[in-house]
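Report on the following structure.
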Amino acid sequence: MYISIYDIGMTIGFLIAVTIGIYLIYVLRKIALILDDVKRILNVSEISLTETISLLPAVLENVNQIAASVKETASQANDVIDDVKVEWETLIIYAKAVVEIVRAIFFKGK
C-alpha cells in the first residue's frame with residue numbers, strides 16, 4: 001500500500017478546511033460575545049438613550065434660535081460699525097476744521 005500525492009493533497013486540504021472551520025467558529029463566537037455586550041450596554045442605557053433622543057428636537061430648536069440670534073446680532077454689529085465709521089469720519093473732518101481755525105487765529109504770520 002502506497003500513499004499517493006492525491007492522498008497527501010486530500011489530507012492537507014482536509015486539514016486546511018478543518019482549520020478554517022475552527023477559525024470561523026472562533027470568529028463567530030467573538031462576534032456573538034461582542035453583540036451580547038452591545039445589547040447589555042444598550043439595555044442598561046435604554047432610559048438615558050430614550051431621554052436623550054426625546055430631547056433632540058428641543059435641542060435642535062434651541063440651536064436654530066441661537067443661529068438666528070447670532071445672525072441678527074452680527075447684522076446689528078455691522079450696522080453699528082458702519083455708523084461708528086461715519087461718525088469717526090465726521091469727527092476727523094471737524095478736527096481738521098478746528099486745526100485750520102486754530103492755525104488761522106494763532107499762527108497768522110508764520
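Readers should treat all values here as calculations from the given coordinates under stated rules, not as data from a laboratory. Just so it is clear, the structure is predicted and the values come from calculations on it, not from any experiment. A quick note on method: Cβ atoms are made from the backbone with ideal geometry, for glycine too, and the neighbour counts reach across all protein chains shown.
State the number of residues belonging to the stretch 99-110 that are hydrophobic (A, V, I, L, M, F, W, C) and surrounded by 10 or more Cβ atoms within 10 Å (Cβ to Cβ).
Within the stretch 99-110, the first condition is being hydrophobic (A, V, I, L, M, F, W, C), and the residues that meet it are 99, 101-102, 104-107.
Imposing the further condition that a residue be surrounded by 10 or more Cβ atoms within 10 Å (Cβ to Cβ) reduces the set to 99, 101-102.
Summing the residues that are hydrophobic (A, V, I, L, M, F, W, C) and surrounded by 10 or more Cβ atoms within 10 Å (Cβ to Cβ) in the stretch 99-110 gives 3.
Here residue 53 qualifies as in a helix (DSSP H, G or I) and not hydroxyl-bearing (Ser, Thr, Tyr).
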